[in-house]
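Input: a single structure, listed below in structure tokens.
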Amino acid sequence: MTVLGIETATAVCAAGLAGEKGWIAETRIFAGNTHAEQLPDCVRNLLSQARIQPERLDGIAVSIGPGSYTGLRIGLAFAKGMAFSLDKPLTAVPTMDGLVSPVPDVFPRVCVLMHSRKGEVYRRLYGRDNGRWRAEGELDVVAEGRIADGLPGGDILFIGEGSRLYRPEIESRCERPHFFPDAVSLPSGASIASEGRRRLIEGLRDDPDALVPVYVKAFQGVH
């Protein structure tokens with residue numbers, strides 16, 4: 001099974017391909033607010049370089065949020081269009097699940113941090129369970145100055161754009177924080193493709209007509 005993954009939840013515009021042996025190829029651009037212009041060429045060039053015709057795809061996976069309101073809408077609309085035109089199944093991958101899925105089993109927990117809006121950060125903690133990362137509790141929206149509130153002690157790997165933006169605070173307030181380089185820590189089309197492929201194999205398909213981005217609007221969780 002070969003799956004195309006689309007990631008537009010942040011300033012990164014990415015597309016990736018995953019198959020039986022893992023990731024096949026990826027294109028990733030720090031596009032800012034130009035996802036609408038970049039995404040079609042990103043996907044077209046990716047498929048061309050991988051020598052895969054769109055008709056040969058077995059499914060489409062798309063990052064569904066949380067993230068940029070505009071970016072998520074662009075990515076989902078594009079993914080829906082491909083799924084309809086090619087008559088392929090579509091699966092939605094929570095953006096944070098996509099971020100954490102390729103992380104190796106090095107630390108007991110991973111904390112994903114994504115910028116929300118001014119003064120706020122999306123935060124979700126993951127633990128290892130049966131060879132996979134699984135969320136521990138609900139997604140929180142926390143104030144910038146309270147990222148460490150409520151987190152357990154011990155070794156925690158921080159990933160996502162927020163891990164770079166708020167690293168000084170994390171290092172000063174967490175017991176044993178760890179970080180990956182930005183290139184590894186930011187959203188990836190290949191990870192969305194890989195996670196989407198797993199979901200499709202498990203029969204987790206979404207109805208394109210009913211699928212909408214996941215927006216976390218209210219300030220919730222740790223205040």
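The values are calculated or read from the model by the stated rules, or taken from the named source; none is laboratory data. This structure is a prediction, so every number in the text was calculated from the model and none was measured. Neighbour counts run over all protein chains shown; Cβ positions are idealised from the backbone, glycine included.
Summary of computed values
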read-out	value
Test result for SER172, in the same structural domain as VAL12 (by TED's automatic domain parsing) and at negative phi	no
Unmet criterion (only one of (1) buried (at least 16 other Cβ atoms within 10 Å of the Cβ); (2) closer than 23 Å to PHE30 by Cβ; (3) touching a Lys or Arg at 6+ places or on another chain (Cβ under 9 Å)) for VAL142	(2)
Matching residues in region 93-119 - criterion: being surrounded by fewer than 16 Cβ atoms within 10 Å (Cβ to Cβ) and under 20 Å from TYR166 (Cβ atoms)	ARG117, LYS118, GLY119
Pairs with Cβ under 9 Å, 6+ apart, first in region 175-190 and of a type in the set (Phe, Trp, Tyr), second part of a helix (DSSP H, G or I)	PHE179/SER163; PHE179/ARG164; PHE179/ARG167; PHE179/ILE170; PHE179/GLU171; PHE179/SER185; PHE180/SER163
Region 13-27, residues that are among the aliphatic types (A, V, I, L, M) and either surrounded by fewer than 22 Cβ atoms within 10 Å (Cβ to Cβ) or in a loop (DSSP other than H, G, I, E, B) (or both)	ILE24, ALA25
Residue selected from region 140-165 under the condition in a loop (DSSP other than H, G, I, E, B) and in contact with a helix residue (DSSP H, G or I) (Cβ under 7 Å, 6 or more places away or on another chain), by the criterion farthest from VAL12 (Cα to Cα)	ALA148
Matching residues, region 192-213, being among the basic types (Lys, Arg) and in a helix (DSSP H, G or I)	ARG197, ARG198, ARG199
Some residue of region 19-29 being out of contact with any Asp or Glu (no Cβ under 6 Å at 6 or more places or on another chain), without any contact (Cβ under 8 Å) to a residue 24 or more places away in the chain and aliphatic (A, V, I, L, M)	yes
Residue within region 44-55 that is part of a strand (DSSP E or B) and in the same structural domain as PRO89 (by TED's automatic domain parsing) present	no
Some residue of region 139-159 being modelled with pLDDT of 95 or more and under 14 Å from the mean Cα position of the chain (by Cα)	yes
Conditions (1) of a type outside the set (Val, Ile, Thr); (2) at pLDDT below 95; (3) under 29 Å from CYS42 (Cβ atoms): number failed by TRP133	(2)
Qualifying residue in region 1-13 (condition: over 18 Å from the mean Cα position of the chain (by Cα) and not β-branched (Val, Ile, Thr))	yes
Some residue of region 28-42 being buried (at least 21 other Cβ atoms within 10 Å of the Cβ), more than 22 Å from LEU204 (Cβ to Cβ), at pLDDT 95 or above and touching a strand residue (DSSP E or B) at 6+ places or on another chain (Cβ under 8 Å)	yes
Residue that is within 21 Å of ASP209 (Cβ to Cβ) and assigned to a helix (DSSP H, G or I), where the choices are GLY71, GLY75	GLY75
